[in-house]
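For reference, the structure discussed in these notes is given below.
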Amino acid sequence: MKSILVTMVICIFSLTACGQQNSSSNNKTHKTQQKYNNMDTGKLTNNTVKEAFDAWQKGDSQTFLSFFTADAKLYDDGSPRDFQKFVKDACGHERFTTIDKVENEGKDIYGNFHTESWGDFRTYFKFHFDADGKISRLDIGQAN
């Protein structure tokens with residue numbers, strides 16, 4: 001009888017431990033995500049850029065892509081890249097941590113950027129529009 005009781009107690013503790021999550025890790029991730037999502041976007045004066053930026057920050061690639069033409073181009077430090085692949089790989093994993101400067105009628109954003117692969121660095125996103133008001137090109141790169 002004693003061995004059955006000991007076995008039951010061990011099983012209960014094992015199941016409880018398996019269901020627990022590392023709260024400090026989850027809190028850190030949540031606070032980091034909250035910081036990025038609560039960033040002041042008041043400097044973003046172009047409504048389309050602001051909405052696309054907000055979708056990027058939230059990791060919502062479908063909404064982000066909805067602001068672009070079907071054949072949108074991407075240039076990374078002046079070199080062409082596959083736009084669709086970039087969005088698929090980076091959206092939700094990379095984001096601005098600050099907005100330092102906005103230029104060109106609200107279409108150019110400069111700030112600090114965080115990536116899981118490369119860490120933190122200053123960058124820019126420059127949005128180019130077609131005649132119908134859709135974004136047709138995005139230039140990204142490291143800012144000086």
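For this structure, a couple of remarks:
- Residues considered: Asp71, Asp89, Asp82, Asp120. Of these, the only one that is more than 18 Å from Asn46 (Cβ to Cβ), among the acidic types (Asp, Glu) and touching a residue at least 60 places away in the same chain (Cβ under 8 Å) is Asp71.
- Residue check, Gln33 of a type outside the set (Ser, Thr, Tyr), modelled with pLDDT of 95 or more, part of a helix (DSSP H, G or I) and surrounded by 11 or more Cβ atoms within 10 Å (Cβ to Cβ): no
- Residue identified as among the small types (Gly, Ala, Ser) and over 15 Å from the mean Cα position of the chain (by Cα) among Gly106, Gly92, Gly111, Gly119: Gly106
The values are calculated or read from the model by the stated rules, or taken from the named source; none is laboratory data. Computed from a predicted structure; not experimentally measured. When we count neighbours, we look across all protein chains shown, and the Cβ atoms used for this are built from the backbone with ideal geometry, even at glycine.
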